[in-house]
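Undergrad: Got a structure for you, questions after.
The values are calculated or read from the model by the stated rules, or taken from the named source; none is laboratory data. Everything numeric in this text was worked out from a predicted model, so none of it was measured. All Cβ positions, even for glycine, are placed from backbone atoms using ideal geometry, and neighbour counts span all protein chains on display. These area figures cover heavy atoms from the full protein model, side chains too; ligands, DNA and RNA do not enter into them. Shrake-Rupley method; radii C 1.70, N 1.55, O 1.52, S 1.80 Å.
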Amino acid sequence: MEGPLALSEGYPNPSRGGVSFALRLDHATRVRWSVMDVSGRRITGGTQSFAAGTTTLVWDLAGNLGRPLEDGIYFARFEVDGQVLGRRFAVVR
């Protein structure tokens, strides 16, 4: 991860039970995040405040209703101060 704002690849990838991302911020800020399927449908998301530094974000691969995701390719999107970072990851059960 390079630069003042950085996002790692999802780990593990492919994932069976959860995926994590390391997000580095150079200042405290709010982060809007979402996960979408390949058709662009939003699976889950939210907005959270984070302190400066590196934070590990862990997601249990459940959608908004708490149901586990089906096998497939998904996209994680993080918006920070108008900048967008995204990563692709796979789910295999």
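Undergrad: Express the carbon and sulfur contribution to the solvent-accessible surface of the chain as a percent, rounded to the nearest whole number, probe 1.4 angstrom.
TA: Ligands and nucleic acids excluded, carbon and sulfur give 50 percent.
Undergrad: Moving on to the next point. Which three lengths, in whole Å and largest first, does the chain cover when its Cα atoms are put on their principal axes?
TA: In descending order, the Cα extents are 36, 22, 20 Å.
Undergrad: Separate question: What are the semi-axes of the equivalent ellipsoid of region 6-49, taken as the square roots of 5 times the eigenvalues of the Cα gyration tensor, listed largest first and rounded to whole Å?
TA: Result for region 6-49: semi-axes of 21, 16, 9 Å.
Undergrad: So which trypsin sites (Lys or Arg not before Pro) in region 1-51 end up in coil per DSSP with only 15 or fewer other C-beta atoms within 10 Å?
TA: ARG16, ARG41
Undergrad: Express the accessible area of the chain per residue in Å², computed with a 1.4 Å probe while the remaining protein chains stay in the model.
TA: Heavy-atom SASA per residue in the chain reads 59 Å².
Undergrad: State, to one decimal in nm, how far the label point of ARG42 lies from the label point of ARG87, with both points 7 Å from Cα in the Cβ direction.
TA: Label at ARG42, label at ARG87, 2.1 nm between them.
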